[in-house]
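Only one structure is covered here, and it is reproduced in the block below.
The values are calculated or read from the model by the stated rules, or taken from the named source; none is laboratory data. Predicted, not measured: the structure shown is a model, and the values here were computed from it. Here the Cβ positions follow ideal geometry from the backbone for every residue, glycine too, while neighbour counts run over all protein chains shown.
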Amino acid sequence: MSENTLEQQDEQRHRIESTISHLFAPEDAGLHGALQAAKDAGLPEIQINPIQGKLLQVFATACQAHKILEIGSLAGYSGIWLARALPADGHLITLEINPQHAEVVRSSFANAGVGDKTEVRVGNALELLPTLTAEAPFDLIFIDADKASYPQYLEWAIKLSRTGSIIIADNCVRNGIAFQPTADMDADTAGLVKYNQLTREDPRLTTIVLANDNDYTDGLNVAVVKAN
Ligand code: DHB
Ligand code: MG
């Protein structure tokens with residue numbers, strides 16, 4: 001390995017990742033359709049990758065998820081992966097601030113065959129989260145909305161969880177800046193830095209960060225609730 005150039009190592013990593021993706025996380029028409037619909041509607045192409053989608057399913061299955069909460073629907077892509085990990089009587093609630101995006105997501109959920117077990121609620125997540133207490137606990141919570149509010153989303157996620165629930169947050173690496181507090185960091189970076197710190201230090205959680213996006217520069221923070 002040491003004789004290989006950095007470029008060759010990078011190529012090798014991408015080849016292996018591509019193989020894993022095709023073998024373990026193939027995308028079907030429902031997932032492709034969601035990406036196309038999002039693109040057509042002008043949504044940013046910033047969804048998780050298929051390996052991360054499959055990882056969400058692995059975690060949902062591990063905690064025997066019947067109820068899943070997603071904060072930030074975006075294209076509905078992660079929501080489709082998550083909803084498909086649910087049993088027939090399972091339910092996914094996804095919170096979306098943009099009403100037009102929410103319509104795209106509803107339609108993509110229906111096309112992907114998960115319309116009957118999903119619900120898109122429109123509004124500011126910090127206003128919607130307090131309304132969910134009667135529907136808690138959620139077995140898995142996936143956070144992928146505005147980064148500045150991540151610390152508050154974590155607080156709500158713990159409140160709405162049970163022992164054994166899994167709280168996953170996207171974009172918790174950001175090229176390493178999500179670990180490094182600096183005097184001049186913006187609100188988004190500050191939110192991510194705080195989120196990583198809180199999940200690392202909270203005695204109720206066992207947490208790891210996986211740098212598992214396409215180029216290893218971003219990834220998921222995964223926290224299991226030990227007690228709440
Ligand atoms: C951005 C947001 C995301 O959730 C993501 O995965 C990538 C980028 C963004 O706001 O730029
Ligand atoms: Mg994201």
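Exactly one residue out of Ala75, Ala34, Ala60, Ala38 is under 30 Å from Ile158 (Cα atoms), within 16 Å of ligand 2 (Cβ to nearest atom) and modelled with pLDDT of 95 or more, and it is Ala34.
Which ones in the stretch 130-149 are under 23 Å from Ala85 (Cβ atoms) and within 16 Å of ligand 1 (Cβ to nearest atom)?
Within the stretch 130-149, the first condition is being under 23 Å from Ala85 (Cβ atoms), and the residues that meet it are 132, 135-145.
Ile141, Phe142, Ile143, Asp144, Ala145 - these are the residues of the stretch 130-149 that are under 23 Å from Ala85 (Cβ atoms) and within 16 Å of ligand 1 (Cβ to nearest atom).
Taken as a whole, the stretch 44-56 holds at least one residue that is within 15 Å of ligand 2 (Cβ to nearest atom), surrounded by fewer than 21 Cβ atoms within 10 Å (Cβ to Cβ), acidic (Asp, Glu) and farther than 22 Å from Asn196 by Cα.
Has the stretch 36-46 got at least one residue that is in a helix (DSSP H, G or I), more than 16 Å from ligand 1 (Cβ to nearest atom), over 18 Å from Asp116 (Cβ atoms) and in contact with a Lys or Arg (Cβ under 7 Å, 6 or more places away or on another chain)? Even if it seems obvious, please write down each step before you answer.
Here is the first cut: in the stretch 36-46, the residues in a helix (DSSP H, G or I) are 36-40.
Pick out the ones that are also more than 16 Å from ligand 1 (Cβ to nearest atom) and you get 36-37, 40.
Imposing the further condition that a residue be over 18 Å from Asp116 (Cβ atoms) reduces the set to 36-37, 40.
Narrowing further to those that are in contact with a Lys or Arg (Cβ under 7 Å, 6 or more places away or on another chain): none.
Checked against the condition, which is being in a helix (DSSP H, G or I), more than 16 Å from ligand 1 (Cβ to nearest atom), over 18 Å from Asp116 (Cβ atoms) and in contact with a Lys or Arg (Cβ under 7 Å, 6 or more places away or on another chain), the stretch 36-46 yields no hits at all.
Do we have any residue at all in the stretch 199-209 that's in a helix (DSSP H, G or I) and either within 16 Å of ligand 2 (Cβ to nearest atom) or buried (at least 17 other Cβ atoms within 10 Å of the Cβ) (or both)? Among the residues of the stretch 199-209, at least one is in a helix (DSSP H, G or I) and either within 16 Å of ligand 2 (Cβ to nearest atom) or buried (at least 17 other Cβ atoms within 10 Å of the Cβ) (or both), which makes the answer yes.
When the residues of the stretch 78-106 are filtered to those that are away from ligand 2 (no atom under 14 Å from the Cβ) and of a type in the set (Asp, Glu), the one that is farthest from Leu55 (Cα to Cα) is Glu103.
For every residue, the table says whether it meets (1) within 16 Å of ligand 1 (Cβ to nearest atom); (2) aromatic (Phe, Trp, Tyr); (3) over 28 Å from Glu17 (Cα atoms); (4) in contact (Cβ under 8 Å) with a residue 24 or more places away in the chain.
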residue: Glu155; (1), (2), (3), (4): no, no, yes, no
residue: Asp170; (1), (2), (3), (4): yes, no, no, yes
residue: Val173; (1), (2), (3), (4): yes, no, no, yes
residue: Gln180; (1), (2), (3), (4): no, no, no, no
residue: Asp184; (1), (2), (3), (4): no, no, yes, no
residue: Asn196; (1), (2), (3), (4): yes, no, no, yes
residue: Arg204; (1), (2), (3), (4): no, no, yes, yes
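Could you tell me how many of the residues in the stretch 133-161 are out of contact with any Lys or Arg (no Cβ under 9 Å at 6 or more places or on another chain) and surrounded by fewer than 19 Cβ atoms within 10 Å (Cβ to Cβ)? Selection size over the stretch 133-161: 6. Here Thr133 clears all of (1) touching a strand residue (DSSP E or B) at 6+ places or on another chain (Cβ under 8 Å); (2) more than 14 Å from Val224 (Cα to Cα) except the condition numbered (1). When Ala65 is tested against (1) free of Cβ contacts under 8 Å to residues at least 40 places away in the same chain; (2) part of a loop (DSSP other than H, G, I, E, B); (3) more than 16 Å from ligand 1 (Cβ to nearest atom), just one condition goes unmet, and that condition is (1). Among the residues making up the stretch 56-68, a single one is in contact with a strand residue (DSSP E or B) (Cβ under 7 Å, 6 or more places away or on another chain) and within 21 Å of Leu35 (Cα to Cα): Leu56.
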